[in-house]
Amino acid sequence: MIPIAVQGASRERKRQQPKGRQVDAAALQQVQALLGELPRRRDSLIEFLHVIQDAYGCLSAAHLAALASELRLAQVEVFEVASFYHHFDIVREGEHAPPALTVRVCDGLPCEMAGAGELLARLPAMLGREVRVVPTPCIGRCEQAPAALVGQRAVGLASGENVAAAVAAAAGAIAAQPVDEDALAPVADGGFTILEECLSGARSVDAVLAALEDSGLRGLGGAGFPAGRKWRIVRGAPGPRLMAVNIDEGEPGTFKDRVYLERNPKQFIEGMLIAAWAVGIDEIYIYLRDEYHDCRKLLLQELARLGAQTPRIHLRRGAGAYICGEESAMIESIEGKRGMPRLRPPYVAQAGLFGRPTLEHNFETLYWVPEILAKGAAWFASHGRNGRQGLRSFSVSGRVKQAGVKLAPAGITVQELIDEYCGGMQDGHQLYAYLPGGASGGILPAGMNNIPLDFDTLQPYGCFIGSAAIIVLSQHDTARAAAGNLMRFFRHESCGQCTPCRVGTAKAVELIGQPVWDAGLLGELSQVMRDASICGLGQAAPNAVDCVLKYFPHEVAR
């Protein structure tokens, strides 16, 4: 037996070595070289994780420990953030790094309908072991289904041949560079006519707010809150006030923000700066989904042309998490944390980013601001059908001849949208069902093709318009299979914070995988998820299943 005194001495010698993972000097030097002179801000954690992964293709345990040391954070805090997001590849000790190039094939509903499953099955043999092929949730190119990402390069209408060509072209591609936020500060000298009128005093704040209210412009990210009223609420809060712009459209079937950003980034930037002026915003944070790499380059180019006045603009890069489209989860992510939705109250307008009053807006809402002010509130409100007012940007995908973003009157029906804006159904296809509001908006049968598509018109049928993503199904599809695809998506994308959503989505996938659906049990599960989930993901996830039970019972009964 070892004497007690000797045992104590042995423990003392062991304690001379600090507990936990030690920082590797070489890894620390590599991280410091990558970050250069960038400020070591806690809220830049996700940006720095991107920098490391872009350079090395993965996140090693040594680099994570070094980054934690550099930011003066606990290593577990860095690890939990990195492991939350789908696009970060963590390599633990003893594990091999992933292949240098990853091909992500979208398995969202429009892409699944267009043959993504077959493409996923073919690509590994075509591309070889040096390329990793993985399924991925919606990448926002539903009008080009099936779609894929080769590294950071998007490939629409993906086939084995054009994906292989993109893989060959990716060899030697330059990784994304870290954002120097000191270069991103706007000034009103970019040909922004309406903004210049605001800054010069030709337009007053009250006049701008009144125009927005008279136009009827509502939040176009899905919630539909009146834009003018939101501006007044945040303007009335004590400063400093911040703005968070949501360009994280991850709802399967939605791609309108990407299309408008590619077409006319200046109109969006002007709308954003008008909002900042009217509300009295000190700093702006733009949250752009990681799948939109080309849009990121475009935004950086446009923002680099702006001068050095306030408010300061920060461009933040998502990392593959649908939940960050929820406003408070997005704010958590901007702050460098896991994208966990917050409990309410307080609301974002009261205590949002860094605890400050925050004006949170979807990209498209801001995009329309300059045009409404230039043409007048009456111009925007004059459009509409079936008693509705305004314009809506519909992201249309599925079995139509001409998929894409369709700017149409609010209140148009799906049949009118297909016939007048999409060139009709594809040859050999007839309308069987449609999703009026993306993955979470429910499913309706062809016999209900005359419902006006707008805010507040679909709720009586168990659906909602959300971000106006229309996915069209034909007689070659089933609502049951569509609901299965959507529920698997929600299971994958649940942040896991609350039990009703985390367990409920998984249980729903299991139940609807049975030959005959247990309507009673699914109904109980749906009610619990709606009543007890923290955010809209869990609350809306059952919509498709509920609609199948209600409108397509023949698909799930004996």
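Here are some notes:
- Proximal aspartates and glutamates to Lys375, defined as alpha-carbon separation beneath 20 angstrom and excluding residues fewer than eight positions away on the same chain: Glu196, Glu197, Asp206, Glu213, Asp214, Glu270, Glu364
- Given charges at beta-carbon only (K, R positive; D, E negative), |dipole| of the chain in Debye: 1060
- Segment Asn450..Tyr347, full-extension length gain: 33.4 nm, with 0.36 nm per residue of separation and the alpha-carbon distance subtracted.
- Rounded accessible area per residue of region 266-404, 1.4 Å, Å²: 32
- Rounded to the nearest 20, the Cβ-based charge dipole of region 63-116 about its Cα centre (Lys and Arg +1, Asp and Glu -1) stands at 100 debye.
- Distances between placed amide hydrogens fall under 5 Å for Asn362 paired with Leu220, Gly221, Asn246, all partners being 5 or more residues away or on another chain.
- Computed 3J(HN,Hα) for region 479-490, one whole-Hz value per residue from the Karplus formula 6.51 cos²θ - 1.76 cosθ + 1.60 where θ = phi - 60°, is 5, 4, 5, 4, 4, x, 4, 5, 5, 5, 4, 5, glycine and proline marked x.
- Beta bridges by DSSP in the chain, antiparallel share as percent, to the nearest 5: 40
- Inter-part distance where region 405-440 and region 449-517 are each reduced to a Cα centre, Å: 18
- Segment Ala210-Asp531, length gained on full extension (0.36 nm per residue, minus Cα span): 111.9 nm
- Derived from the Cα gyration tensor, the three semi-axes of the equivalent ellipsoid of region 454-513 are 23, 18, 10 Å, largest first.
- Sum of side-chain charges, Glu335 neighbourhood, beta-carbon under 12 Å (Lys, Arg +1; Asp, Glu -1): +4
- Using θ = phi - 60° and Karplus 6.51 cos²θ - 1.76 cosθ + 1.60, couplings along region 279-288 (whole Hz; Gly, Pro as x): 8, x, 8, 8, 9, 10, 10, 9, 10, 10
- For region 230-235, putting each phi into the Karplus relation 6.51 cos²θ - 1.76 cosθ + 1.60 with θ = phi - 60° gives couplings of 4, 4, 5, 4, 5, 4 Hz, in residue order, rounded to whole numbers and with x for Gly and Pro.
- Relative contact order computed over the chain (Cα-Cα under 8 Å; 6+ residues apart), in percent: 13
- Each other residue within a Cβ distance under 12 Å of Ile52 adds +1 if Lys or Arg and -1 if Asp or Glu, for a net charge of -4.
- Members of Lys256/Lys406; Lys230/Lys256; Lys266/Lys297 lying beyond 19 Å, as alpha-carbon distances in this model show: Lys230/Lys256
- Cut-off 12 Å between beta-carbons: net charge of the residues surrounding Leu109, Lys and Arg +1, Asp and Glu -1: -2
- Just the protein heavy atoms count here, and of the accessible area of the chain at 1.4 Å, carbon and sulfur take up 51 percent.
- Under-5 Å amide H pairs with Tyr285, H placed in peptide plane, nonlocal only: Met243, Ala244, Val245, His314
- Maximal additional length on extending the Ala170-His554 stretch stands at 133.5 nm, based on 0.36 nm per residue less the C-alpha distance.
- Think of a 1.4 Å ball rolled over the protein heavy atoms: region 447-558 then has 41 Å² of accessible area per residue.
- Spin-label pair Lys401/Tyr461, simplified geometry with 7 Å Cα→Cβ offset, distance in nm: 2.4
- Rolling a 1.4 Å probe over the protein chains gives Val76 an accessible area of about 100 Å².
- Shape of region 234-347, Cα gyration tensor, a/c cut at 1.5: oblate
- Nonlocal amide H pairs with Val133, under 5 Å, H built at 1.01 Å: Val103
- Prolate/oblate/rounded call for region 24-110, Cα gyration tensor, a/c under 1.5 rounded: prolate
The values are calculated or read from the model by the stated rules, or taken from the named source; none is laboratory data. Everything numeric in this text was worked out from a predicted model, so none of it was measured. When we count neighbours, we look across all protein chains shown, and the Cβ atoms used for this are built from the backbone with ideal geometry, even at glycine. Calculation scope for accessible area: heavy atoms of the full protein, side chains included, ligands and nucleic acids excluded. Shrake-Rupley method; radii C 1.70, N 1.55, O 1.52, S 1.80 Å.
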